[in-house]
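**Student:** Here you go, one structure.
The values are calculated or read from the model by the stated rules, or taken from the named source; none is laboratory data. The model shown is predicted, which means the values in this text are computed figures rather than measured ones. Every residue, glycine among them, receives a Cβ derived from its backbone with ideal geometry; neighbour counts consider all protein chains shown. Just the protein is used for accessible areas: all its heavy atoms, side chains included, with ligands, DNA and RNA removed. Shrake-Rupley method; radii C 1.70, N 1.55, O 1.52, S 1.80 Å.
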Amino acid sequence: MNVYVGGDVSKGYADFCLMDGEGEILLEIQLDDTRQGHSQMRKLICKCNRKVGPEEELEIALEATGGMERNWLHLFQKLDEADEADLNVYRFNPLVIRRFTEQRLHTNKTDEISARVLADYLRLGLAEKKAAYTDEGPDDGLKTLSRKTQRMVNQSIDLQNELQALLQRAHPELVQYVRGHMSQWVLRLIKRYPTPDQVVEAGLEALIEIPYVTEKKAKKLVEAARTTVASQTDEDTGLTLSLVAEDLLRLEKRIDRLKERLWNRVRDRRAPRILASIEGIGKWSAAVLYCEIGDITRFSSAKKLIAYAGLDPQREESGDIAREKTISKQGSSHIRSVLYGCVTAAIRNGSNPPVRDLYDRLKERGKHQKVAEVACMRKLLAIVYGCWSNNERFDPTYEKRLKARQAEKKSTGEASSEQAKGQSFDMSAPVSRKEAKKRRKATSPEKSVSPSARGQGAFLDEYHNGESASEQA
């Protein structure tokens with residue numbers, strides 16, 4: 001007998017539905033996320049395992065609920081490792097189950113109904129093996145630490161913005177030193193002497209004691225403070241500035257320490273080193289991408305990884321009407337966040353030719369900066385997939401060499417013969433002018449392209465290189 005278990009996890013408890021292969025509900029039960037509740041679930045699974053034959057299945061599905069499902073997944077993993085039960089465990093994106101529910105025209109939603117839907121989804125064989133829960137990839141603790149560090153980085157950015165806004169009113173002469181990069185000496189100066197009056201009162205000798213403040217720079221600071229145009233130099237504003245600078249110093253020190261710890265924890269693994277070889281992706285970004293993506297074998301193509309990150313462009317087509325929308329953002333915001341920093345660095349430094357060339361092409365065509373950056377994020381993630389899945393370090397000349405091979409193949413006529421094998425259109429069909437133009441273009445031999453589907457060349461097709469993207473970040 002096949003047994004399918006669906007679990008809807010809530011805070012502190014979970015509703016489970018056990019269903020057989022015919023759709024008959026064997027048991028519905030609510031168990032607490034406690035030792036007693038886990039013990040009851042262990043007994044139920046072992047009992048079901050005895051009823052399942054060697055050619056039959058015992059499958060369990062849970063929704064991803066922000067980490068609340070991890071205790072139950074850990075229990076099922078231990079049962080499988082101890083050979084107490086032969087399990088196939090799945091963890092689904094709630095959006096997948098929601099769409100499945102809508103297709104079945106269900107309108108009610110309760111924990112019990114959600115558990116039944118999960119069990120039914122397994123029973124109908126809709127679960128892909130790629131969605132199976134495994135312990136491959138980084139530990140959950142690394143992802144937790146990575147996300148905590150990311151939140152601290154965001155806090156640091158908020159504090160920097162707050163400091164810059166305050167300096168504009170309280171000490172505008174220092175704004176020039178905090179554009180783009182918040183130097184440590186500036187923060188120490190603001191912490192000790194937040195207002196122009198305090199800088200003048202402190203004098204040259206006190207300023208020179210601050211690391212990296214030379215005598216020449218100290219004189220310049222004192223002179224600027226004497227002729228300040230600041231409008232808000234009261235004692236309370238000075239205290240606020242001093243506190244913000246102190247918080248920033250403490251936070252950045254902790255962030256640097258956590259970033260170093262995270263890289264040291266993953267640097268002995270092959271995947272993070274491959275990611276760090278990609279120009280624009282530093283050690284910290286490589287560690288975050290490794291923790292967030294996890295097991296790369298879960299994704300059968302670069303397109304699926306791009307969708308997982310929420311960078312897939314949304315396009316609506318109906319007849320002759322085609323409309324480009326924004327990216328879906330139905331994925332990991334953590335991946336998008338770290339990719340944005342990588343892309344801006346790659347574009348600014350020009351260190352990643354495929355990404356920089358794409359950005360330049362899109363800007364020349366009049367695309368908005370954000371549109372071009374999003375397209376570059378998608379391309380960089382496709383490069384990540386190609387390098388990681390093929391266990392290859394980044395080669396900045398790969399794209400150029402691949403395009404050269406494709407051009408040579410096209411010149412020999414091989415591409416034309418491949419095009420002839422494709423779909424043929426009846427040009428006498430009563431279609432619209434726009435559709436007829438599209439069909440003529442599709443059947444034109446000189447327009448054929450045969451991009452690589454995998455490897456570092458996976459980003460060469462139109463979808464990955466962003467040529468057709470018109471979405472905003």
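**Student:** So, with a 1.4 angstrom probe, what is the percent of accessible area on the chain that is carbon and sulfur?
**Tutor:** Percent of accessible area from carbon and sulfur atoms in the chain: 46.
**Student:** A further question follows. In percent, what relative contact order does the chain have, based on Cα pairs under 8 Å that are 6 or more apart in sequence?
**Tutor:** Worked out over the chain, it gives 11 percent.
**Student:** Could you compute how much accessible surface Asp158 exposes when probed at 1.4 Å, giving the result in Å² to the nearest 10?
**Tutor:** 100
**Student:** Another question, then. Would you mind working out the magnitude of the charge dipole of the chain relative to its Cα centre, with +1 at each Lys and Arg C-beta and -1 at each Asp and Glu C-beta, to the nearest 20 Debye?
**Tutor:** Computed charge dipole of the chain: roughly 1860 debye.
**Student:** Return one number: the angle in degrees, 0 to 90 and rounded to the nearest 10, between the long axis of the Cα atoms of helix 235-266 and the longest principal axis of the Cα atoms of the chain.
**Tutor:** Compared with the principal axis, the helix lies near 50 degrees.
**Student:** Express in Å², to the nearest 10, the accessible area of Met1 obtained by rolling a 1.4 Å probe over the protein heavy atoms while all chains stay in place.
**Tutor:** Met1 exposes around 70 Å² with every protein chain in place.
**Student:** What does the extension gain come out to for Thr110 and Lys11, with contour length at 0.36 nm per residue minus their alpha carbon separation?
**Tutor:** Residue separation times 0.36 nm, minus the Cα-Cα distance, leaves 34.2 nm.
**Student:** Between Ile327 and residues 5 or more places away or on another chain, which pairs have amide H atoms under 5 Å apart, with H built 1.01 Å from N, and which residues are they?
**Tutor:** When sequence neighbours closer than 5 places are left aside, the close amide H contacts are Gln314, Gln472.
**Student:** Could you compute how much accessible surface Ser333 exposes when probed at 1.4 Å, giving the result in Å² to the nearest 10?
**Tutor:** Its accessible surface works out to 60 Å², give or take rounding.
**Student:** I'd like the distance separating the alpha-carbon centroids of region 347-404 and region 251-294, in whole Å.
**Tutor:** 21
**Student:** So, one more: Past the 28 Å Cα-Cα mark, which pairs from Lys43/Lys143; Lys283/Lys410; Lys11/Lys379; Lys303/Lys441; Lys143/Lys379; Lys216/Lys259?
**Tutor:** Lys43/Lys143; Lys283/Lys410; Lys11/Lys379; Lys216/Lys259
**Student:** Related question: With every protein chain left in place, what is the accessible area per residue of the chain in square angstrom, probe 1.4 Å?
**Tutor:** 54
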